[in-house]
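Remarks on the structure that follows.
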Amino acid sequence: MKKRRNIGLFITVVSILLILGVVGWFLWSIFEGEKPQVTVEPLPEFLSGSEQFSLTASDMKRGLKVVEVSVNQEGRNILVFEKKFPFKGLFNSEGIHQFDTEFSIDPAKLNLAQGRVDLQISVWDYSRRRGGDGNQSLVEHKMTVDTIPPAIRAISRMHYVNVGGTGFIVYQASSDSIESGLFVNDFLFPGFKVEGSEEGYHVCYFAISHNIKANPEVNLWAKDKAGNQSTASFYCKIRRKRFRTEKLNITDRFLKRILPYFSFYTLNPADTDIKKFLMINRNLRKDNGSVFYNLRTETNPEKLWDGTWVRLKNAANMAGFADRRLYYYKGKKVDEQVHMGVDLASLANSKVQAANNGRVIFADRLGIYGLTVVLDHGQGLSSVYSHLSKIDVDINQEVMKGEAIGLTGQTGLAGGDHLHFGIMVSGMPVNPIEWWDSHWIQDNITRKLAFLKNK
């Protein structure tokens, strides 16, 4: 009898414990304290216009109850987005546990003022905590409404630019601009702030490409921290210019002489010599052009050059800038390229002088150009010296106008001893002849810079 009573008591205790366990599990389930997960992107520092946001909310336990997005500015709360989810099934097992959406904030439509605004995202789940309101996750992000673009205007007045040549402008940009310059169609020439200028004066060298189509769009441009952009037109007269066409005959003797120089370049040994030449003249030329273009980022923000530029002494012009070269082999046209510099020939192994003050930003072998030196003259302006037989300067070395930097030669794709000389503006080749002309420099650059000295 006593044994039966003990068994009954044991069953009762076990039953009570099971009931308490079930009740505990039930209460733990409906009163769980895990907050929903929330991610939103992007989180911009500024709002300059309508911004699209992506939002993801999830709660793998009790499920989502409410998602709410609002902005608050100076006590004014504006509801941007709200979504309520119904409770479905036992313990909301059939409810929404993950939700993805997009929403936008448009300062103009919401009538937001310039200045700070707070983005607030609140998400609640179906937990019975907090008096039945559920667990809440709150994401807050501070932004600045800035929809006013920076101001920009030309200071220098007359701008006459030759096709294939260089232009120069002095302009003023408001203090909120972080980047500015000049667009010729879709090519940006960066501007550089004048050192010590509190009025926001900038200078910009720009170029009109030798192959540009008629009537390009030329505009000043500025951007502020918020991403607002502004443009301004100015007087710019573009003078059309014709360039020469030159016929070059490629001989087997020439191919046998120059091809060994390009043993570093991957060529198919089974190809004919003329096919190898065409690979070099087309593909390697294009690769070398990219190297020149990429050097534009190495420029000094200050002007380094001064006065008229030095030309190779006692040298004859052998080829001009933007000459259209037609290549013929055994009477048949096989290629066509444009010469992006001036070829100057003097005595073999003549001393090559720095055309103006600058800093060495390239001094090495460069494909079809052979041994090459590139000098940075500041503010996007650089000069090129190619086909050298010897280089006498090092990277980052500062050189003065007239200082020897190497010797002429016939390295690369050169038919004889000469100097290939070029000028680049923000990586774009321009006609070097302008820079040898003191009158051109005076009319197009010096007079405009004199305005800054008088300020």
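Number of residues in region 238-250 that are in contact (Cβ under 8 Å) with a residue 40 or more places away in the chain and surrounded by fewer than 13 Cβ atoms within 10 Å (Cβ to Cβ): the value is 6.
Restricting the first member to region 92-117 and to residues that are more than 18 Å from V66 (Cβ to Cβ), and the second to residues that are among the charged types (D, E, K, R), the beta-carbon pairs closer than 6 Å and six or more apart or on different chains are I105/E51.
Scoring E94 on the criteria (1) assigned to a loop (DSSP other than H, G, I, E, B); (2) in contact with a Ser or Thr (Cβ under 9 Å, 6 or more places away or on another chain) leaves a single failure, condition (2).
Among the conditions (1) more than 30 Å from Q397 (Cβ to Cβ); (2) among the aromatic types (F, W, Y); (3) touching a Pro at 6+ places or on another chain (Cβ under 9 Å), the only one that F277 does not satisfy is (3). For the residues T308, T266, the requirement of being within 20 Å of Y205 (Cα to Cα) and either polar (S, T, N, Q) or exposed (fewer than 15 other Cβ atoms within 10 Å of the Cβ) (or both) singles out T308.
Check region 415-432 and report whether any residue there is aliphatic (A, V, I, L, M) and surrounded by fewer than 18 Cβ atoms within 10 Å (Cβ to Cβ).
There is no residue in region 415-432 that is aliphatic (A, V, I, L, M) and surrounded by fewer than 18 Cβ atoms within 10 Å (Cβ to Cβ).
The set of residues in region 376-393 being more than 25 Å from the chain's Cα centre (by Cα) and part of a strand (DSSP E or B) consists of Y385, S386, H387, L388, S389, K390, I391. Residues of region 149-176 that are within 23 Å of the chain's Cα centre (by Cα) and modelled with pLDDT under 95: S175, D176.
Within region 267-287, the presence of at least one residue that is within 22 Å of the chain's Cα centre (by Cα) and assigned to a helix (DSSP H, G or I) is confirmed.
Restricting attention to strands (runs of 3 or more DSSP E) lying wholly within region 328-375, give those where 1 or more residues are in contact with a His (Cβ under 6 Å, 6 or more places away or on another chain) and assigned by TED's automatic domain parsing to the domain that holds L419.
Qualifying strands (runs of 3 or more DSSP E): 342-345, 358-365.
The values are calculated or read from the model by the stated rules, or taken from the named source; none is laboratory data. From a predicted model like this one, the values you see are computed outputs, not experimental measurements. As a convention, Cβ positions derive from the backbone with ideal geometry for all residues, glycine included, and neighbour counts pool all protein chains shown.
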